[in-house]
Ligand code: DX5
Ligand code: ZN
């Protein structure tokens, strides 16, 4: 089966918040596909970041799809408002979402793509029955809460499992990886089956954002060609 096109989603967590509009434009001009927006509540994760007003502001300054990652405890209560604020896609954490089916329906009914996020050692099995209701799965390759952490390779087992289910069942689901993605790790994530790559520090931490994104894309092409040679 042909691989889904690879998409790069820079995380604004690593950008200069005082210059959000400029940073967003910088990412777009550099060839970003989506903009990843990390929302943290200081409860589900030990950090606080941004909320609805910032998503609204981002929506007014960019046409890039907004990929909102809700690292919050009460996602069901807020998901619809994040769609209304301008999110194109919403990920909620399976660990924080007791009524997952309902929450995913709320997101889709509001007009956005619905996804579920899993922490690095959360079993893939927990989301298997949710697959028919998903547009994407977000596999955390660090523990959520902070940018700039070290990639956890064992999380790629989850990517492989989900990839296998997606292929076997002919599902139209993107597999996204998030955390510690850089030029050294992106190849392994691609090989495991991911097609959307969130990168914060590797993109916004670089002097030349375009060069950083191009390097990530080169590594994906390299991983794809190596896999083709093996098959
Ligand atoms: C972590 C966030 C990530 C983070 C990635 O909780 O979900 O999206 O911004 O940052 P890097 O790429 O620096 O690990
Ligand atoms: Zn994220």
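Write down Rg/Rh for the range 126-210, rounded to two decimals, with Rg from the C-alpha atoms and Rh from the Kirkwood relation over Cα pairs. In the range 126-210, Rg relative to Rh is 1.00. Helix content alone sets the calculated 222 nm mean residue ellipticity of the chain: runs of n ≥ 4 DSSP H residues at -39500 (n - 2.57) each, divided across all residues, give -11500 deg cm²/dmol. Put a dot 7 Å past the Cα of residue 214, heading toward its Cβ, do the same for residue 25, and the two dots end up 2.1 nm apart. Maximal additional length on extending the residue 18-residue 108 stretch stands at 29.2 nm, based on 0.36 nm per residue less the C-alpha distance. Considering only Cα atoms, the convex hull volume of the chain works out to 110 Å³ per residue. Binning all Cα-Cα separations of the range 5-99 at 5 Å, short to long from zero, yields these whole-percent fractions: 3, 14, 26, 25, 18, 11, 4, 1.
Net length available on complete extension from residue 101 to residue 48 is 16.4 nm, with 0.36 nm assigned per residue and the Cα-Cα distance removed. Over the range 73-197, the pair-distance histogram of Cα-Cα distances with 5 Å bins from zero comes to 2, 12, 23, 23, 20, 14, 6, 1 percent, rounded to whole numbers. Can you figure out the FRET efficiency of residue 88 with residue 228, using R₀ = 35 Å and their beta-carbon distance, to the nearest 0.05? After rounding to 0.05, the efficiency reads 0.65.
Computed from the coordinates by the stated procedures, all read-outs in this text should not be read as laboratory data. A quick note: this is a predicted structure, and the numbers were derived from the prediction, not measured. Don't worry about glycine lacking a Cβ; one is built from the backbone with ideal geometry, like all the others, and counts go over all protein chains shown.
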